[in-house]
Amino acid sequence: SEVLSTRSAFLRLRHVLRDYVAVFSIPQIYRAKIPSSGKSGVIVRYFGSNLDGIVDIEAERKCFRELAGAGLAPALVHEFHGGRVEEFLQARPLRAEELPEPSIEKCVVEQLARLHHWTPSEMSHPLQEEFTGRIRQWTAVAAARGALLQQLSWDSACALAQRIANKLQELSSPVVFAHNDLQEENILLEDDSSCSNPKLRMIDFEYAAPNFRGIDLGNHICERMFSYGATNDTGFS
């Protein structure tokens, strides 16, 4: 609270998915008080709703705590009821047209491999059991909201998901801890690097959970076809 008092400069507020995110600059004399020593700011994240059961806020808090400790997520500065304070990364989101560059592709795969080789210590069940448990949970949530999606057959969707899972098991695609939302705006290029010699950081782990490795990679490849910065109606560039 001392660091985020009037001695700090409020920079901006954004509404990101379910959360409100405020960015503060930190005066030089207080920067040593935060784990990311030498950085100039922090992000204060206020949690919103839990997206009707799709995102478990408490589980996400525990997961982020461990990811930050492992250096896979921005540093965790402080937690409070209803939110947390995170390291502000001196970086910018990648653009869709930058993702296919060989140097970027290589760095993304390396970052994803680090995550896939990591397992949360608080995971109560093996990754395979966690994966099937989440599928059951999300299916129940989707079925409860079926009136909003009358044209979609959940039985068919679940049957398709099971066929895909069975095929991935036949191919020996392991269940890993996956990001599940690795699109351009969730991959940051650090300011002191470039596309030819990149240093990348992954952010936004709200959907991170056990999943087949092939699905996490496949989802990232699909995300590369969509530009979040596109101005047309479809979003495809």
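Values as computed for the structure displayed
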quantity: Candidate set: segment 183-228, residues that are open to solvent by less than 60 Å² (accessible area, probe 1.4 Å) and among the small types (Gly, Ala, Ser); chosen: the one farthest from Pro100 (Cα to Cα); calculated: Ala209
quantity: Every residue from segment 161-182 that is buried (at least 20 other Cβ atoms within 10 Å of the Cβ) and aliphatic (A, V, I, L, M); calculated: Val175, Val176, Ala178, Leu182
quantity: Residues satisfying the stated conditions in segment 65-93, i.e. β-branched (Val, Ile, Thr) and open to solvent by 20 Å² or more (accessible area, probe 1.4 Å); calculated: Val77
quantity: Matching residues, segment 187-225, being polar (S, T, N, Q) and more than 19 Å from His117 (Cβ to Cβ); calculated: Ser193, Ser194, Ser196, Asn197
quantity: Elements of type strands (runs of 3 or more DSSP E) contained in segment 1-104, each with 1 or more residues being over 30 Å from Arg224 (Cβ atoms), of a type outside the set (Gly, Ala, Ser) and modelled with pLDDT under 70; calculated: 9-16
quantity: Qualifying residue in segment 106-115 (condition: of a type in the set (Val, Ile, Thr) and either over 14 Å from Ile43 (Cα atoms) or assigned to a helix (DSSP H, G or I) (or both)); calculated: yes
quantity: Qualifying residue in segment 94-113 (condition: crowded, with 19+ Cβ neighbours inside 10 Å and over 18 Å from Leu217 (Cβ atoms)); calculated: no
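The values are calculated or read from the model by the stated rules, or taken from the named source; none is laboratory data. Fair warning: this is a prediction, and the values are worked out from it, not measured in the lab. Cβ atoms come from the backbone with ideal geometry, glycine included; neighbour counts cover every protein chain shown. Heavy atoms of the whole protein, side chains included, go into the accessibility calculation; ligands, DNA and RNA do not. Shrake-Rupley method; radii C 1.70, N 1.55, O 1.52, S 1.80 Å.
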